[in-house]
């Protein structure tokens, strides 16, 4: 990780960028809510879909499946969103239906079951998964971080090493992400001066205050992106590595004591522990916990058809697991056409075991089958049985 000599990053973490994208202005006057059921981010079965209202019942956005990126556009008609997605210059149809926070997408014959980001995720087979172990706590074993969500706030979005909280009664957001400072003296120097970075200009209002033993907090005002903001920032130093930054912000005229209280309450709940040693059993367990791993393989022959296979492995924090494999093939040449498809799925429990000189992911399915994959880590990617899988955002 690249050290950042400030309490704020030069580039906002993906989850914070996502909050701005999904919530519009993250400092809007209203408390956290989703008045338009189609707007937002949805995830499941290896697919992430972000939709924004374009007016008149039309929507636009982006989709991601593994390494593939798509542009999406559509219009709500008869209670469903019908439109198209573009890949390699070719547009293909899709249809999406909503049932509360659950979305079912039919993309040219491929079926995906998605959950609205910030709600319980879905396993590969589509049954609802649980939220993290404690409803009011966030735990990141790989980082060695745990904190409690402040009273009156809720988790709106999370990404690797960053979180966005929204309030049920206050406008604005609480943003939480990594702090690359090692001492309280370094932190004090940072919060005593104006912080200027790409898209960020915040000035302290007054002197920094101690928040517990290894944390400093200060009221700030300025700009974040294109928004004028006022808020309260806290930096917490960790004895084991990266600390944590907490920033409660809203529109200047709507800032109140509740924002300061939320940031300090969260900071006072922060607990650090040594992170696992890279590559050992505990490291693999913590790295995989709460993750959805996906692999997409596509083959094509010009004008003659092709095949698509997708493998999704879901590994929940509470030990539950989901597995999904789908395969579709079509062939069309003069005088001959053929197609084939298959699907395999299951749910069960998962764990990492040490075997020989390596580690193995074991998934015991409820139908009696046991699936195993050898684990390796190459070029910052997880490999199962030597095949590269991509990590989706934490889902359960």
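The values are calculated or read from the model by the stated rules, or taken from the named source; none is laboratory data. This is a predicted model, so every value here is computed, not measured. Ideal geometry is used to build each Cβ from the backbone, glycine not excepted, and the neighbour counts take in all protein chains shown.
Of all the listed residues (156, 185, 208, 189), the sole one being assigned to a strand (DSSP E or B) and at pLDDT 90 or above is 208.
Condition check for residue 266 on (1) free of Cβ contacts under 8 Å to residues at least 40 places away in the same chain; (2) surrounded by 21 or more Cβ atoms within 10 Å (Cβ to Cβ): one failure, at (1). Among the residues making up segment 355-365, those that are in contact with a strand residue (DSSP E or B) (Cβ under 7 Å, 6 or more places away or on another chain) and either within 19 Å of residue 278 (Cβ to Cβ) or loosely packed, with under 12 Cβ neighbours inside 10 Å (or both) are 358, 359, 360, 361.
Flag: residue 95 does not match the condition of being outside the structural domain of residue 264 (by TED's automatic domain parsing), at pLDDT below 80 and in a strand (DSSP E or B). Among all positions in segment 237-249, there is no residue which is over 30 Å from residue 357 (Cα atoms), loosely packed, with under 14 Cβ neighbours inside 10 Å and modelled with pLDDT of 95 or more. Test residue 227 against the stated conditions and say whether it is assigned by TED's automatic domain parsing to the domain that holds residue 140, in contact with a helix residue (DSSP H, G or I) (Cβ under 9 Å, 6 or more places away or on another chain), closer than 21 Å to residue 163 by Cβ and surrounded by fewer than 21 Cβ atoms within 10 Å (Cβ to Cβ). Yes, satisfied.
Annotation for segment 212-223: at least one member residue is surrounded by fewer than 22 Cβ atoms within 10 Å (Cβ to Cβ), without any contact (Cβ under 8 Å) to a residue 24 or more places away in the chain and closer than 23 Å to residue 147 by Cβ.
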